[in-house]
1. Please find, among 24, 10, the residue that is within 30 Å of residue 181 (Cβ to Cβ) and under 15 Å from the mean Cα position of the chain (by Cα).
2. As an exercise: evaluate residue 108 against (1) touching a helix residue (DSSP H, G or I) at 6+ places or on another chain (Cβ under 7 Å); (2) touching a residue at least 40 places away in the same chain (Cβ under 8 Å); (3) under 24 Å from residue 23 (Cα atoms) and give the number of the one condition it does not meet.
């Protein structure tokens, strides 16, 4: 799932990565909304809030929102930078580093929320910042290693692309084009997985609050170790 890079990846590789990372994104986004009344898996809404705060002259909030946007940006930058500059390291290891950093962010928010959170504004803003950075890392990783085929933290562009590919499939000639069909299946899989993750996170968060981030972390662990486990099993299959 993480070993292959860019054009060496198959559509199945991208589907597996897209489904699992979209699942985690949906969980994080809904959990963030329930716990903090903020979306953390994308920055589109943050730009709208930024504009609103600028018009109101709330300059401290402007700085906070700029920080959130900047952390998403930095997370994506860092993930890609690690991947393209780690040629001497095994690809599977370098591709795991952004997910390990994301894992620390999620576990940190989970533990702090469970043990110390007093619902102050500064605490809330800090945890939103941590989750936004984590989602930037994840989106930067998936986009980088799949040659921009997989982006799982937001659905705006994905919904547009899904509609376009569905319209392409209405033409008889295009139905025979494997690339179009494969892309449609990939996008649909990501969309469904995101929604499933969001629904499950909603149920968990309403009952267990911050423990939801431990469930998300478990999914990240599966992604990190999937290739290692598969590589151990593969010789017995051949």
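1. Residue meeting the stated conditions: 24.
2. Of (1) touching a helix residue (DSSP H, G or I) at 6+ places or on another chain (Cβ under 7 Å); (2) touching a residue at least 40 places away in the same chain (Cβ under 8 Å); (3) under 24 Å from residue 23 (Cα atoms), only one is false for residue 108: (2).
Listed here are the residues, each with its yes/no results for (1) more than 30 Å from residue 17 (Cβ to Cβ); (2) in contact with a strand residue (DSSP E or B) (Cβ under 8 Å, 6 or more places away or on another chain); (3) without any contact (Cβ under 8 Å) to a residue 12 or more places away in the chain.
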residue: 58; (1), (2), (3): yes, no, yes
residue: 71; (1), (2), (3): no, no, no
residue: 76; (1), (2), (3): no, no, no
residue: 90; (1), (2), (3): no, no, yes
residue: 101; (1), (2), (3): no, no, no
residue: 114; (1), (2), (3): no, no, no
residue: 117; (1), (2), (3): yes, no, no
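The numbers here are math on the coordinates, done by the rules we state, and not lab data. All values derive from a computational prediction rather than experimental measurement. Positions of Cβ are backbone-derived with ideal geometry, glycine not excepted, and every protein chain shown enters the neighbour counts.
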